[in-house]
Amino acid sequence: MDRRQLLKRLEEAWEALKESYAGLSDAELLEPGVAGAWSVRDVIAHVTWWEEEALTHLPLILAGGRPPRYSVTYGGIDAFNAKMTAQKKDLSLAEVMDQRDEVHRRLIAFIESAPGDQVSGETRFRRRLRLDTYGHYAKHARAIRNWREQSGRSSPRLRANRPGAASPRAPGR
């Protein structure tokens, strides 16, 4: 996979995540229970702090270093997530969305400038990128879609994708 293919994979997963919460009202974005006690807003903040983690640790990986283990530094990934949830809890929805956009732009710019031999093939760089970004987005997009289905908040596109429903036209076609 070359840089162009990697960026395409990342962007498709990013758009699928955004589509999972498209059309929800601000009140719905703030409603708890999407992923445990988290709201969609909390999930977006969570995805953003993992993109920030990628931006922190990918340069270290490129330099030949190893990021610290979450088990040693925080007592595990769950403890890190709890710490970050507490840090981000008072951010407004608008602040979370602004951070989402700003951090994602920085991530894309970083990937565009990363050495070609690190973005293609199975490297430590690619593994960390996958875990913190496009592999991670898919997990949370599924959780949001499931919550929408269970709570009756399906978007027209999601309803159209149910078995037996007419297939929606792809955007732009």
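The values are calculated or read from the model by the stated rules, or taken from the named source; none is laboratory data. These figures come from a predicted structure and were not determined experimentally. We place every Cβ from the backbone using ideal geometry, glycine too, and count neighbours over all the protein chains shown. We work out accessible area using only protein heavy atoms, side chains counted, and drop any ligands, DNA or RNA first. Shrake-Rupley method; radii C 1.70, N 1.55, O 1.52, S 1.80 Å.
Here's the yes/no breakdown for (1) at pLDDT below 95; (2) closer than 28 Å to ILE111 by Cα; (3) in a helix (DSSP H, G or I):
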{"residue": "LYS18", "(1), (2), (3)": "no, yes, yes"}
{"residue": "LEU24", "(1), (2), (3)": "no, no, no"}
{"residue": "TRP50", "(1), (2), (3)": "no, yes, yes"}
{"residue": "THR56", "(1), (2), (3)": "no, yes, yes"}
{"residue": "ILE61", "(1), (2), (3)": "no, yes, yes"}
{"residue": "GLY65", "(1), (2), (3)": "no, yes, no"}
{"residue": "ALA86", "(1), (2), (3)": "no, no, yes"}
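Suppose the filter is in contact (Cβ under 8 Å) with a residue 12 or more places away in the chain and open to solvent by 40 Å² or more (accessible area, probe 1.4 Å); does TRP50 pass it? Write out each step before concluding.
On the way: in contact (Cβ under 8 Å) with a residue 12 or more places away in the chain: yes; open to solvent by 40 Å² or more (accessible area, probe 1.4 Å): no.
No, not satisfied.
The helices (runs of 4 or more DSSP H) located wholly in the stretch 118-166 that include 1 or more residues which are at pLDDT 90 or above occupy 124-132, 134-151. Scanning the stretch 53-75 turns up no residue that is within 30 Å of SER151 (Cβ to Cβ) and among the hydroxyl-bearing types (Ser, Thr, Tyr). Within 22 Å of GLU28 (Cβ to Cβ) and open to solvent by less than 50 Å² (accessible area, probe 1.4 Å) - does that describe any residue in the stretch 71-79? Within the stretch 71-79, none of the residues are within 22 Å of GLU28 (Cβ to Cβ) and open to solvent by less than 50 Å² (accessible area, probe 1.4 Å).
The residues of the stretch 67-84 that are under 19 Å from THR133 (Cβ atoms), more than 17 Å from the chain's Cα centre (by Cα) and in a helix (DSSP H, G or I) amount to a single one, TYR70.
Close contacts from the stretch 128-140, counting a first residue that is more than 16 Å from LEU60 (Cβ to Cβ) and a second that is polar (S, T, N, Q) and open to solvent by 40 Å² or more (accessible area, probe 1.4 Å), with Cβ to Cβ under 7 Å and a gap of 6+ residues or different chains, come to none at all.
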